[in-house]
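To start, the structure itself, in structure tokens.
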Amino acid sequence: MTGPRLLSTAPRAGDIAGLVGAATDADAVAPLSEHGLLRVQHGEPGEGHDVVALAGNDIGGYAYLDEPDGPEVTGELVVHPAHRRQGLGTALVGALAAAAEGHALRLWAHGDLDAAAALARSAGFERFRALWQMRRSLREPLPPASFPAGVSVRTFRPGQDEGPWLRLNARAFAKHPEQGGWTTRDIELRESEPWFDPAGFFIAERDGAMTGFHWTKIHPAGTAAGEAPIGEVYVVGVDPDAHGGGLGKALTLAGLHHLRDRGQDRVMLYVDEDNVPAIRMYSELGFTRWRADAMYRRSAGSRGTTPAPPGTRGTGACVSGC
């Protein structure tokens, strides 16, 4: 039997959207992160590597890698439900391993599904990180947002606040593997999205300087695993010099009140499972664990049991896939 064909080519956004939709419907969880979807929609030459797996004339799977981050490189992959158990997942992992070119390879598995865990084990990956999705109802009572003395709150001003916000974000998430490295391009892409609303992006200031923020998001119907609309605590950050004063909790509550005022009856957020202080705060605010995403890692030089498909090694814009 002929194996899957892998094309080292940038995919069309519409094709990947259809693939993601089919997988989301089948698994009740989106297979690519927001970052991955934005990358497909707005990708530019030289930004990482892409691989499309063909099953006959159909696009049966897709994978990509970001540009390396130090000694490691991160990717995501998805296989169409109609073409699973045909070797496409194994072939895509092999393509990513080849494109990693000596870097340790990290792959996200959204929903931490059994099939993804089995593929990871067979390819020699270890599970080393988990991201919780937590949720709460907004129909339940919410405490007021009580800010520390001397702190004022306003909303984000597009075209003026990007630079100061990026600097604060970098300080607040200096040790975070993704959020702390945001660039001007990252925020501009999100400002161009239909969901972006500066009225839901809260900035805390003390003596005229940004000291914290809460950026909220509303997922339209059908975009969060086929569900009804849901609000999100998209990102909350506090300057390290302001830690311990209750500013993070107050900003979180300000955003929750905003989402409820916008008609949302439930809200979600993501937090690393080892971020004990944040989980404690969110739990005190009524959030409970909903599901988890897992990250798997294979060390540089490890071959596992996944062969590198011929023709997938190389450099440039399109070889393989976060």
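Computed quantities for the displayed model
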quantity	calculated
Highest-first arrangement of 241-254, 93-106, where packing means the average Cβ count within 10 Å	93-106, 241-254
Mean residue ellipticity (222 nm) of the chain, computed from DSSP H runs ≥ 4 via -39,500 (n - 2.57), nearest 500	-8500 deg cm²/dmol
Rel. contact order, % - alpha carbon contacts under 8 angstrom, at least six apart, the stretch 140-264	29 percent
Approximate spin-label separation Thr288-Arg127, in nm, with each point projected 7 Å along Cα-to-Cβ	2.1 nm
Stretch gain in nm, segment Ala26-Leu142, where the contour uses 0.36 nm per residue and the Cα spacing is subtracted	38.3 nm
Potential lengthening between Gln179 and Asp197 on full extension [0.36 nm per residue; Cα-Cα distance subtracted]	4.5 nm
Square roots of 5 times each gyration tensor eigenvalue, C-alpha, the stretch 164-217, largest first, Å	18, 16, 9
Cα-based Kirkwood hydrodynamic radius, the chain, one decimal, Å	20.7 Å
Relative contact order of the stretch 13-92, defined on C-alpha pairs under 8 angstrom at six or more residues apart (%)	29 percent
Rounded Å value of the spacing that divides the Cα centres of the stretch 192-211 and the stretch 42-78	32 Å
Sorted by Cβ neighbour density within 10 Å, fewest at the top, the residues Thr9, Thr216	Thr9, Thr216
Interchain or long-range residues, amide H under 5 Å from Thr216's placed H	Phe201, Phe202, Tyr234
Prolate/oblate/rounded call for the stretch 5-130, Cα gyration tensor, a/c under 1.5 rounded	rounded
Rounded to whole Å, sorted largest first: equivalent-ellipsoid semi-axes of the stretch 1-42, Cα gyration tensor	20, 16, 8
Kirkwood-Stokes translational diffusion coefficient of the stretch 140-266, alpha-carbon pairs, 37 °C, 0.692 mPa s, µm²/s	216 µm²/s
Assigned charges on the beta-carbon of Lys, Arg, Asp, Glu; the stretch 67-202 dipole about Cα centre (debye)	460 debye
Ordering of 56-66, 203-213 by packing [mean C-beta count within 10 Å, highest first]	56-66, 203-213
Computed E for Asp15/Ala149 - FRET, C-beta separation, R0 45 angstrom, nearest 0.05	0.25
Positive-pole candidate from Thr74, Val51, Leu88, dipole of the stretch 36-95, charges at beta carbon	Leu88
Amide H contacts under 5 Å for Glu227, placed H, 5+ residues apart	Gly222
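Every read-out reported here was derived from the displayed coordinates using simple, explicitly stated rules and does not represent laboratory data. Computed from a predicted model, the values in this text were never measured in an experiment. Every residue, glycine as well, gets a Cβ built from its backbone with ideal geometry; the counts of neighbours run over all protein chains shown.
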